[in-house]
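The values are calculated or read from the model by the stated rules, or taken from the named source; none is laboratory data. Treat the numbers as computed from the prediction; the structure is a model and nothing was measured. Neighbour counts run over all protein chains shown; Cβ positions are idealised from the backbone, glycine included. Surface accessibility is based on the protein's heavy atoms, side chains included, excluding ligands, DNA and RNA. Shrake-Rupley method; radii C 1.70, N 1.55, O 1.52, S 1.80 Å.
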Amino acid sequence: MKESLRLDALRESRKALDLMSKSELRREEQDAVVTDCLSNFERYVNPGILEYRKSCSTDYAAVEWRDEGNVFYDVHGKQFIDCLGGFGIFMLGHRHPTVVKAVMDQLQHQALHSQELLDPMRGYASELLAMLTPGDLQYSFFCNSGTEANEGALKLAKLNAKRKKANHCNGIISCLRGFHGKSLGSLSVTGKAAWREPFHPLASNVRFVPYGDADALDKELKVCDTVGLDIAAFIAEPVQGEAGAYVPPDDYFPKVREICDKWDVLFIADEVQTGMGRTGTLWGMEHSGVAPDIMTMGKALGGAVIPVGCFISTPKVFEPLVENPYIHTTTFGGNPMATSAVIGALNATLAEDIPRQAAEKGAWLMERFEGLRAKHPDLLHEVRGRGLLIGLEYCSEEAGYAVATGLFGEGVLTAGTLFSAKTFRVEPPATLTQHEMDEIVVRLDRVMGRVEAQLRAGDLVAH
Ligand code: PMP
């Protein structure tokens with residue numbers, strides 16, 4: 001390496017280290033952070049991200065710097081109420097003190113694990129999940145994200161099927177508009193063409209049925225049986241999040257459970273987005289009282305302080321991993337920083353009854369949003385969801401963007417769902433205060449009034 005490059009890199013890293021050590025920046029430092037950030041994204045991260053932001057933000061150069069509670073601040077100190085919740089991460093708000101303390105305490109004596117000795121916090125975190133998850137889900141495998149949790153769950157289902165099914169084709173059935181992640185295995189069971197097509201062929205023997213329709217699942221399994229396609233598992237979300245907050249009929253999951261048992265197929269519940277209280281119960285499956293064979297988790301599991309994913313299964317289903325614990329591994333999975341965050345997050349979630357808060361605040365917000373729908377019927381077509389997983393469906397993508405952009409200008413962050421830019425999500429922390437909820441409704445009403453006027457004037461596409 002050239003000496004001049006070494007010195008440049010030392011200087012640049014020292015600059016960043018000095019900046020990150022400060023929670024407040026002087027005006028010149030603030031401006032320098034914005035200039036550096038834009039140029040680094042343009043040259044080294046991805047200029048496409050900047051282009052996208054120009055099209056959907058009132059200030060594409062907004063750079064975030066600080067967060068606490070239910071709000072975050074850009075580098076110049078502008079406050080935003082977080083109604084996006086990091087796509088479902090910030091159930092406990094930003095930097096919840098119990099989670100931060102857990103991680104800081106752990107960090108004082110060990111950050112990552114040796115990989116050879118036994119790490120005690122992984123044991124406690126697994127014990128807690130076994131206590132708190134439905135049915136006899138018991139053994140946990142920790143990883144680093146939601147998609148990895150689903151990869152592991154799918155592999156575990158296939159290991160099970162290999163043992164008992166005749167022809168080993170090991171298919172998976174998933175749902176239309178289901179979202180399970182973007183790594184190759186999870187993408188194979190994700191139900192949207194635009195993300196899949198560039199990567200074909202994906203994993204083979206994946207079939208899709210409409211979400212919420214138990215008979216369709218039964219019929220598909222009958223077809224598979226008739227033509228000799230063995231199916232290892234059915235995977236579904238308790239509420240479809242990225243599809244736009246679709247809640248299935250009450251009897252859907254009880255029927256799914258029966259059908260899976262009838263055809264000897266494992267049921268994987270993807271609780272990556274619905275878990276940790278998001279829908280008003282600790283896990284989304286609690287609404288139907290159904291226990292899956294494998295459950296996957298992520299997003300809020302690390303208390304919005306450390307990224308962590310996990311799958312948990314019954315002892316019977318976990319057997320292949322007991323026989324060979326090294327058939328599925330990941331270096332960082334279950335590390336002490338992550339598992340201390342899980343323990344802190346579960347403690348805070350239970351102590352503050354986050355599921356109840358999500359249920360009550362979600363119901364309050366949905367009622368107000370219904371009021372706004374009645375007031376602006378041409379603009380807002382539908383309000384859907386459960387707990388604090390809420391989707392607002394606008395009359396067109398343009399109108400949806402216009403509302404989200406207007407809200408951004410008003411200091412409230414929301415975003416579209418991955419499947420539909422028409423449906424905007426409201427996924428705030430469960431720790432929202434009444435004042436913040438009032439503000440969200442007032443500001444949304446104001447922005448909707450402006451967008452409705454644009455629609456009437458023909459300045460926006462209405463369909
Ligand atoms: N499953 C569901 C239900 C999700 O909502 C998501 C993320 N939106 C994932 C899996 C993937 O999680 P990650 O982005 O952490 O890989």
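Summary of values
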item	result
Fully extended contour minus Cα-Cα distance, from Asp215 to Lys262, at 0.36 nm per residue	15.6 nm
Protein-only accessible surface order, largest first, of Trp263, Trp65 at 1.4 Å	Trp65, Trp263
Integer Hz, Karplus 6.51/-1.76/1.60 couplings in order for region 264-273, x for Gly and Pro	6, 10, 6, 10, 9, 9, 8, 9, 4, 9
Pairs of Lys in region 167-263 closer than 16 Å at Cα, counting only those 8 or more apart or on different chains	5
Global form of region 172-278, assessed from the alpha-carbon gyration tensor, a/c cut-off 1.5	oblate
Charge tally in the Cβ shell below 11 Å around Leu380, where Lys, Arg are +1 and Asp, Glu are -1, Leu380 excluded	-3
Net charge, Trp364 excluded, C-beta distance under 12 Å - Lys, Arg +1, Asp, Glu -1	-3
Dipole moment magnitude, nearest 20 debye, region 314-434 about Cα centre, only Lys, Arg, Asp, Glu C-beta charged	120 debye
Between region 17-36 and region 116-136, the Cα center-to-center distance that results, in Å	40 Å
Residue-count net charge about Gly85 - beta-carbon cut-off 10 Å; Lys, Arg +1, Asp, Glu -1	+1
Check: region 137-240 dipole with +1 on Lys, Arg Cβ and -1 on Asp, Glu Cβ, in debye	300 debye
Sulfur and carbon atoms: percent of accessible area, region 158-310 [1.4 Å]	54 percent
Stretch gain in nm, segment Glu12-Tyr52, where the contour uses 0.36 nm per residue and the Cα spacing is subtracted	11.7 nm
Amide hydrogen neighbours beyond the local backbone of Tyr139, cut-off 5 Å, H modeled	Ser313
1.4 Å probe accessible area per residue over region 17-160, in Å²	55 Å²
Contact order relative to length of region 104-208, as percent, for alpha carbon pairs under 8 angstrom and 6 or more apart	18 percent
Antiparallel DSSP beta bridges within the chain, as percent of all bridges there, nearest 5	65 percent
For region 173-225 versus region 431-457, the gap between their alpha-carbon centres in whole angstrom	37 Å
Residue-averaged [θ]222 nm for the chain, counting only DSSP H segments that reach four residues, each worth -39500 (n - 2.57)	-14000 deg cm²/dmol
Anisotropy class of the chain from Cα gyration tensor, a/c 1.5 cut	oblate
Alpha-carbon centroid distance for the pair region 262-296 / region 40-107, whole angstrom	29 Å
Cut-off of 10 Å, at most 13 other beta carbons, DSSP loop: longest stretch of the chain lacking such GluC sites (Glu not before Pro)	117-463
Neighbour count of at most 15 Cβ within 10 Å plus DSSP loop: longest trypsin sites (Lys or Arg not before Pro)-free window in the chain	183-463
Efficiency of FRET from Cβ geometry, Val45 and Arg456, R₀ 35 Å, rounded to 0.05	0.30
